[in-house]
1. Scanning segment 47-58 for residues that are among the β-branched types (Val, Ile, Thr) and surrounded by 14 or more Cβ atoms within 10 Å (Cβ to Cβ), which turns out nearest to Lys28 (Cα to Cα)?
2. Residues being within 26 Å of Glu9 (Cβ to Cβ) and either touching a strand residue (DSSP E or B) at 6+ places or on another chain (Cβ under 8 Å) or touching a residue at least 12 places away in the same chain (Cβ under 8 Å) (or both): count how many of those fall in segment 30-61.
3. Considering only segment 32-71, state which residues are touching a helix residue (DSSP H, G or I) at 6+ places or on another chain (Cβ under 8 Å) and part of a loop (DSSP other than H, G, I, E, B).
4. I'm checking my understanding of the structure. Among residues of segment 11-29 that are of a type in the set (A, V, I, L, M) and without any contact (Cβ under 8 Å) to a residue 12 or more places away in the chain, which one is nearest to Met63 (Cα to Cα)?
5. Exactly one of these conditions fails for Lys8: (1) over 15 Å from the mean Cα position of the chain (by Cα); (2) modelled with pLDDT under 95; (3) not hydroxyl-bearing (Ser, Thr, Tyr). Give me its number.
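The values are calculated or read from the model by the stated rules, or taken from the named source; none is laboratory data. The structure displayed is predicted, hence computed values, not measured ones. Cβ: placed from backbone, ideal geometry, glycine included. Neighbour counts: every protein chain shown.
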Amino acid sequence: MKNNLGLKELSDKELQERLEAEQMQLVKLKINHAVSPLENPNILRTTRKNIARINTEITKRQMSSDNSKVE
């Protein structure tokens, strides 16, 4: 797996900030790609996957905290 983002070491606040930054980057890339083609359009895919990885880590943390509250 190519998950070199180091998401597990980040705090919840840092994860949220990273998610917002990645989403902003994706919007900018899409706008730039609409105006003129990107040199490497695969960066759009990579950015979307990074957003998904961050969302997965956030969800996993929420699920584990919910499970610990139930016990």
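1. Thr47
2. Number satisfying all stated conditions: 11.
3. Across segment 32-71, the qualifying residues are Leu38, Pro41.
4. The residue in question is Ala21.
5. Tallying (1) over 15 Å from the mean Cα position of the chain (by Cα); (2) modelled with pLDDT under 95; (3) not hydroxyl-bearing (Ser, Thr, Tyr), Lys8 fails exactly one: (1).
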